[in-house]
1. Above 15 angstrom, tally the Cα pairs of the stretch 1-76 and express them as a % of all pairs, no decimals.
2. Identify the residues of the stretch 195-230 with backbone N under 20 Å of a label point that sits 7 angstrom from the Cα of Ile23 along the Cα-to-Cβ direction, or state none.
3. In whole angstrom, note down how far apart the Cα centers of the stretch 1-77 and the stretch 91-137 are.
4. Using a 10 Å Cβ count of at most 13 others and DSSP loop calls, identify the longest part of the chain lacking such trypsin sites (Lys or Arg not before Pro).
5. Report the FRET efficiency, 1/(1 + (r/R0)^6), for Asn99 and Lys198, where r is their Cβ-Cβ distance and R0 is 25 Å, rounded to 0.05.
6. How high is the relative contact order of the chain? Use alpha-carbon pairs under 8 Å, at least six apart in sequence, and give a whole percent.
7. Modelling each spin label as a point 7 Å along the Cα-to-Cβ direction, I'd like the Glu188/Asn79 distance in nm, to one decimal.
8. Check each of the GluC sites (Glu not before Pro) in the stretch 26-117 and keep only those in coil by DSSP with at most 16 other C-beta atoms within 10 angstrom; list them in order.
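Values quoted throughout were computed directly from the atomic coordinates according to the rules given, and no laboratory measurement underlies them. Just so you know, these numbers come straight off a predicted model, no measurement behind them. Please note: Cβ atoms are built from the backbone with ideal geometry, for glycine as well, and neighbour counts cover all protein chains shown.
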Amino acid sequence: MMTSYKSNKFTVGCRQLGISNGIILPVKIDFNKLPHLLLCGNSGSGKTYLLTYLLGQIAQKPVKLILADFKGIDFIEFNGCASYYKHSSVGEALDYVYNELQERMSNASVNSYYQPIYFCVDEWSGFLSSLSTKKEQDSYKQKLSNILMLGRGVQVFVIMALQRADANYITGRDNFGNAIGLGSLSKESISMLFNDDKELIQPKPRGKGYLRTDGKQLTEFVVPQLRDVANTKKVIKNALGEPKIYNKKEF
Ligand SMILES: Nc1ncnc2c1ncn2[C@@H]1O[C@H](COP(=O)(O)OP(=O)(O)OP(=O)(O)O)[C@@H](O)[C@H]1O
Ligand SMILES: [Mg+2]
């Protein structure tokens, strides 16, 4: 049985229907229709908060969740979890997902069943900048690009947060079916994320922004306040698995 009809739909926030209309509608992204999410915004615009909201939803599904967190501060409670990678081990996480992709591709058959893999990266640009050689950077960028291009067919999805959408950090950004910009965006980020609707983008406060889902109208939306952050994190922690018995490489 193929899994592609299973739901990989998540809510990123809500929007108001019309200015004077009180009806609030959820704003959703559907990875089966359009895979991957690029999430940009300046420091403090609410990227990690939105990631937490999304991870809380993903964690409730029968998927494999992998969280790569370059800063290693906001998700400190996941320290030691099997699928939590921090600091320089973001690269290790990417290698793992890339190898899994290759394995799935080479063993693919008509009836293949794939458990969806969600690879979430917070502060991708920080990780790339931390690498000492351009060769290393290019190698990781190339792997990411392949995952973005080939992932959907074998149910491997990427959610990536970074402060600036910049060609130095991402090759093949067109392979992100969904893009979100939060807060006040730089000119470069606006061009990168929302080129066709550039003139519509206004500076927004923290937790507010725009979603571009390919082929659809730009949507303005608000990230809701999490009702119970501690509980959301508990659900995520559970999905990230038991602690590994060896220590991962850190700074
Ligand atoms: N939608 C929201 N509702 C309520 N609080 C929010 C919301 N979004 C963000 N915050 C709060 O604002 C602060 C900054 O958010 P967050 O850490 O997510 O920003 P960031 O974009 O990840 O910044 P950085 O790039 O520095 O990591 C946090 O204290 C967070 O709890
Ligand atoms: Mg953050």
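1. Working: 1920 of 2850 pairs.
Tail fraction, whole percent: 67.
2. 217-222
3. 19 Å
4. Formally, the longest exposed-site-free interval is 1-215.
5. On the way: r = 38 Å, r/R0 = 1.54.
Step by step, r from the Cβ atoms, then E = 0.05.
6. Working: 460 pairs, mean separation 74.0, N = 251.
Averaging sequence separation for qualifying contacts and normalising by length gives 29 percent for the chain.
7. Roughly 3.3 nm, to one decimal.
8. Working: sites: Glu77, Glu92, Glu100, Glu103; in loops: none.
In loop regions of the stretch 26-117 (DSSP not H, G, I, E or B), there are no sparsely surrounded GluC sites (Glu not before Pro).
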